[in-house]
Amino acid sequence: MMQYKVITLDGPGGCGKSTIAFKIAQHLGYQCLNSGMLYRLIAFEQLKHTSYSARALIHLIQKASIEFKLDSKALQQCMIYNKQDITTQLHMPEVASMASQLAQHPEIRAPLIELQQQFLNKTGLVAEGRDMGTCIFPQATLKCYLTATPEIRALRRQKQLIALGKRVNLGTLIESIVERDQRDESRSAAPMRPADDAFVIDTSKMTLDSVCSAVLEAFAIATAAGDSSSAD
Ligand code: DC
């Protein structure tokens with residue numbers, strides 16, 4: 001039995017995971033782990049240092065200072081990397097695409113396992129990504145898997161990018177989303193998929209608040225079930 005409470009939120013990009021994770025973490029007073037940003041950080045470095053091997057990239061990340069900061073106005077986590085806020089750069093489509101390619105490699109994923117598990121502490125954790133429920137926190141109190149159609153996800157992503165002052169064609173976004181999903185689902189190392197015991201939520205026609213309510217309700221049930229089984 002896991003000592004501390006964890007909610008995992010997995011699923012493809014653009015289904016609202018980050019905002020939902022942020023809101024739930026705020027509501028419960030939990031820490032938040034945005035694992036995609038770690039993969040994006042490695043991609044960001046790879047785009048800067050194109051000749052670096054996976055090992056060299058991991059080494060760079062391991063000796064860097066990495067902090068997550070909550071931005072309550074934008075309802076998102078910011079990454080402060082070696083004292084610089086690189087959140088906007090990490091959201092660029094070319095970084096996302098490179099992150100998805102690098103994330104296929106076990107030599108990139110393996111060193112990140114322990115690093116991600118270290119985010120769990122007694123305050124509780126909302127962990128979001130692709131393999132939080134299947135690989136990083138298999139004993140989580142509640143595992144959720146969020147989905148939405150590629151078209152809806154592309155529209156949401158376009159809105160986010162516009163808010164960051166970037167214009168991107170919708171068709172191009174849909175294409176890159178579909179391509180990224182295929183890569184994330186078909187890789188052999190920790191592929192993106194719902195855990196066997198995950199609560200699957202199709203968010204296509206739901207508001208962010210209704211998804212949060214559904215997750216919180218499921219969490220209350222899972223916590224009560226866990227408490228009663230440990231009292232037996
Ligand atoms: O959630 P995101 O779009 O920021 O993630 C960027 C990429 O990182 C995504 O295409 C797949 C990869 N990723 C992963 O393989 N495992 C995770 N736990 C999180 C992200």
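Quick rundown of the values:
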quantity: With Cα atoms, 0 to 90° folded angle of helix 93-102 axis to the chain main axis; calculated: 70
quantity: Approximate shape of segment 117-213 as ellipsoid semi-axes (Cα gyration tensor, √5λ), whole Å, largest first; calculated: 26, 17, 14
quantity: Overall dimensions of segment 133-173 by Cα: Rg and Dmax, Å; calculated: 15.1, 41
quantity: When the convex hull of its Cα atoms is projected in every direction, mean area for segment 1-70 (nm²); calculated: 6.6
quantity: Candidate lysines - alpha carbon under 18 Å from K17, same-chain residues fewer than 8 apart omitted; calculated: K69, K73, K143, K159, K205
quantity: Amide H contacts under 5 Å for L9, placed H, 5+ residues apart; calculated: A127, E128, G129, C144
quantity: Backbone HN-Hα couplings from phi across segment 56-63 [Karplus 6.51/-1.76/1.60, Hz, Gly and Pro as x]; calculated: 5, 5, 4, 4, 4, 5, 5, 9
quantity: Globularity ratio of segment 1-131, using Cα Rg and 2.2 N^0.38 Å; calculated: 1.03
quantity: Accessible surface, 1.4 Å probe, highest first, among residues K48, K5, K159; calculated: K159, K48, K5
quantity: Surface accessible to a 1.4 Å probe, per residue, for the residues of segment 12-127, Å²; calculated: 47
quantity: Per residue solvent-accessible surface (Å²) - segment 143-212, probe of 1.4 Å; calculated: 58
quantity: Inter-label distance for A56 and K122, nm, one decimal - labels placed 7 Å from Cα along Cα-to-Cβ; calculated: 4.4
quantity: Taking the C-alpha atoms of segment 48-121, convex hull volume expressed per residue in Å³; calculated: 117
quantity: Rg over Rh, two decimals, the chain (C-alpha only, Kirkwood Rh); calculated: 0.95
quantity: Overall dimensions of segment 94-163 as given by Cα atoms, namely Rg and Dmax in Å; calculated: 14.8, 39
quantity: Karplus 3J(HN,Hα) series, Hz, for segment 77-84 with 6.51 cos²θ - 1.76 cosθ + 1.60 (x for Gly, Pro); calculated: 8, 9, 10, 9, 10, 6, 6, 10
quantity: Karplus (6.51, -1.76, 1.60) ³J(HN,Hα), θ = phi - 60°, over segment 108-123, in Hz, Gly and Pro reported as x; calculated: 8, 5, 4, x, 7, 4, 5, 4, 6, 5, 5, 6, 7, 9, 5, 6
quantity: Relative contact order computed over the chain (Cα-Cα under 8 Å; 6+ residues apart), in percent; calculated: 33
quantity: Surrounding net charge for G11, when Lys and Arg each add one and Asp and Glu each subtract one, Cβ distance under 9 Å; calculated: 0
quantity: Of all DSSP beta bridges in the chain, antiparallel share, percent nearest 5; calculated: 30
quantity: Most fluctuating residue given options Q116, Q84, Q160, as computed from a GNM of the chain linking Cα atoms under 10 Å; calculated: Q84
quantity: Pair-distance profile P(r), taking every C-alpha pair of segment 185-232, with 10 angstrom steps and integer %; calculated: 21, 34, 31, 14, 0
quantity: With every protein chain in place, segment 49-167: carbon and sulfur % of accessible area (1.4 Å); calculated: 53
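The values are calculated or read from the model by the stated rules, or taken from the named source; none is laboratory data. Everything numeric in this text was worked out from a predicted model, so none of it was measured. Here the Cβ is made from the backbone with ideal geometry for all residues, glycine too, and neighbour counts use every protein chain on show. The accessibility values were calculated without ligands, DNA or RNA, using every heavy atom of the protein model including side chains. Shrake-Rupley method; radii C 1.70, N 1.55, O 1.52, S 1.80 Å.
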